[in-house]
1. What's the FRET efficiency of HIS106 with ARG127 using the Cβ-Cβ distance as r and R₀ = 22 Å, to the nearest 0.05?
2. So what is the relative contact order for region 131-193, in percent, with contacts set as C-alpha pairs under 8 Å and at least six apart?
3. Could you pull out every one of the lysines with an alpha carbon less than 23 Å from that of LYS132, ignoring same-chain neighbours closer than 8 positions?
4. Which trypsin sites (Lys or Arg not before Pro) from region 35-79 combine a DSSP loop assignment with at most 12 other Cβ atoms within 10 Å?
5. Give the relative contact order (percent, whole number) for region 34-106; include only Cα pairs under 8 Å separated by 6+ residues.
6. Tell me the GluC sites (Glu not before Pro) within region 67-102 that lie in a loop according to DSSP and have at most 10 other beta-carbon atoms within 10 Å.
7. Exposure proxy check: TRP33, TRP139, TRP113 ranked by fewest other beta carbons within 10 Å?
8. So how far apart, in nm, are the two label points at LEU56 and ARG154 if each is 7 Å from Cα heading toward Cβ?
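A short reminder: the numbers here are calculations on the coordinates, not readings from a lab. Small disclaimer: the values here were computed from a predicted structure and weren't measured. Heads up, the Cβs are rebuilt from the backbone with ideal geometry, glycines too, and the neighbour counts pull from every protein chain shown.
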Amino acid sequence: MTPSTPPSGDEPAPLCRPAAVSFDVGGTLIVPWPSVGHAYATVAARFGAGRIDPDLLNRRFSEAWARRGREFRYGESDWQTLVARVFDGVSEVGGDNDFFKALYEHFATATPWRVFPDVEPTLTGLRDRGIKLAVVSNWDDRLRPLLTALDLDRHFDTILVSAEEGVQKPDPAIFRETARRLEVSPAKVVHIGDSTREDVAGARAAGMQAVRVDRAREQDGEHDLLRQCRLWLFSSSRLNRAAQGSRFSLQAVAPGNASA
């Protein structure tokens, strides 16, 4: 797949009932559980690091993630560099190759992941309505076996992984390729993800509709993804209202009309 340059100045397209929905994975369908820091601390302890505060590792991870830059390609070497930065000044275990290999393999399993509770009913509900489903994720070759281990792969017609495609979000090329594989016009695809830049901007640049999920703002019982999907699946006017001040942390964005 050849990377492309996102267009600018697109006019907003009318919202319409989609024929397909594509999903981001991390932060949208699944989340590290109890946290990245807990997983890092647990594996590090097996390699003699002693007890490290998971909250400290969470803060260090957030800082390293924010500084990763666009050269981060989700390869194993990229992750090794990031993990070393997380542990820099905290523990020498961050420079241990055996530790990193164990940590890398740990995140390929279902153990450190949690599927958000609204995911299964959302995917099943969309399937029951004849909606095609896809995954579009910036990830590495661990994603496919991980989705299988989490029993999520069975829901999707196609799965696009950036490391396999040679291009990553927000490049519109990966979104256009998704629509092609689904055999659906981009205008008839809604992409759902948690990143304004990678998901919303990328999808709308490809001519898709986009919905941004903010899981951090959720409260127990407040966010039912299937119920929110119905807002834009069956009523454009209700979709517009949902995008203009809904109490739920889900924002609908038409193609060419993304906002921060």
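1. For R0 = 22 Å, the calculated efficiency reads 0.10.
2. Relative contact order comes out at 34 percent.
3. Output for LYS132: LYS169, LYS188.
4. Listed in order of number, the matching sites are ARG51, ARG67, ARG70.
5. Result for region 34-106 is 31 percent.
6. Taking region 67-102 and a limit of 10 other Cβ atoms within 10 Å, the loop GluC sites (Glu not before Pro) found are GLU71.
7. If I rank by nearby Cβ atoms, fewest first, I get TRP33, TRP113, TRP139.
8. Going from the LEU56 label point to the ARG154 one covers 4.3 nm.
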